[in-house]
1. Being surrounded by 15 or more Cβ atoms within 10 Å (Cβ to Cβ), hydroxyl-bearing (Ser, Thr, Tyr) and at pLDDT 95 or above: is that true of Thr31 here?
2. From the residues in segment 72-95 that are in contact with a helix residue (DSSP H, G or I) (Cβ under 6 Å, 6 or more places away or on another chain) and either among the charged types (D, E, K, R) or farther than 24 Å from Ala13 by Cα (or both), which one is modelled with the highest pLDDT?
Amino acid sequence: MGTLSWINGSSPASPSEAIARLRGHLAADGTERLYAGDRGTVASLSIRTGLTVWCMGGLFRWRDDLGIQQTHPAADPEGAAQRIAALAGLRRAAHAAA
């Protein structure tokens, strides 16, 4: 079982805040063209074609390239960003452009 990369007692208060924090971590790593949406109890972040992250019920949810649902605690947006960036190849693309 893995460990959470970041918990300081300040969990996101809403799905919208959790998605905003996830977006911030991905953007800080050089990811561009992130599109967020919010409907109160559900928020989403479109990362690339075929990869959208939803936040609801205290979890980030997305499907990997094989269509298998993945989840990660919304209280750990940094850890989720690391997993999502690895899946999407975002870090390689950002660093290759540098």
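The values are calculated or read from the model by the stated rules, or taken from the named source; none is laboratory data. Because the structure is predicted, anything quoted here is derived from the model rather than measured. Quick reminder, even Gly has a Cβ in these numbers, built from the backbone with ideal geometry, and neighbours come from all protein chains shown.
1. So Thr31 fails the test.
2. Glu78
Results for (1) over 17 Å from Pro12 (Cβ atoms); (2) among the basic types (Lys, Arg); (3) without any contact (Cβ under 8 Å) to a residue 60 or more places away in the chain; (4) surrounded by 13 or more Cβ atoms within 10 Å (Cβ to Cβ), shown as yes or no for each residue.
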position	(1), (2), (3), (4)
Val42	no, no, yes, yes
Arg48	yes, yes, yes, yes
Leu51	yes, no, yes, yes
Met56	no, no, yes, yes
Arg61	no, yes, yes, yes
Asp65	yes, no, yes, no
Gln70	yes, no, yes, yes
